[in-house]
C-alpha cells in the first residue's frame, strides 16, 4: 500500500462499495458515480453508520468538483432512505472514512483536471489508522472512544 495515491471517482466508488459498518464522506461535491456507490451504503443503513458532508454552494459544481446529476441523485437517495445530508460552505478537501480505512485528498475540479497528470498523487491513504490508534490506546490502558459518526 502506498501512502501517497491518485484519488479519483473510480477509487472512491470502490472504497465506498466495500463498506460494512461505517462511512464518513466529506467533499466539495459528488459525481454520479460516487453518488451511486454511496446509495449502495444507504441500502445497508440498518448496519452502516453514515455521515455525508458537501459544500452547498453552486460554485462547487460550476468549478467542476462534482456534477449536478450526482448531487441530485445523492439528495434523492438520502431522502428516500432517511439519511441526513449535511453541508459546509467553502469545503475544498475530501475525506473518506470507510470502516477503519482513512483517505484524505485534494479534489481536482474538472475545470483544471486536464492539466493534471492522473498518476500524480492528490491524496494520502492512512490505511487502517483508526484500528491502529485503538490498539495503541488499549496497550496504554486507555479506551479510545468509538469513532462512529
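The helix-based estimate of mean residue ellipticity at 222 nm for the chain, built from -39,500 (n - 2.57) per DSSP H run of four or more residues and divided by its residue count, is -10000 deg cm²/dmol to the nearest 500.
Shown for 88, 82: other C-beta atoms within 10 Å of each C-beta, ranked fewest to most, produce the order 82, 88.
With respect to the chain, whose longest principal axis is taken over its alpha-carbon atoms, helix 129-139 is tilted by about 20°. What is the helix-to-structure angle for 32-42, meaning the angle in degrees between its Cα long axis and the longest Cα principal axis of the chain, kept from 0 to 90 and rounded to the nearest 10? It is inclined by approximately 40 degrees. Look at 42, 25, 4 and count the other Cβ atoms within 10 Å of each Cβ; fewest to most, that gives 4, 42, 25. Across the chain, Cα pairs under 8 Å and at least six residues apart give a relative contact order of 30 percent. Give the percent of DSSP beta bridges with both residues in the range 4-139 that are antiparallel, rounded to the nearest 5. Here the share of antiparallel DSSP bridges comes out near 65 percent.
Every number in this text was worked out from the coordinates using simple rules, so none of it is lab data. Predicted, not measured: the structure shown is a model, and the values here were computed from it. Positions of Cβ are generated from backbone atoms using ideal geometry, with glycine treated the same way; all protein chains shown enter the neighbour counts.
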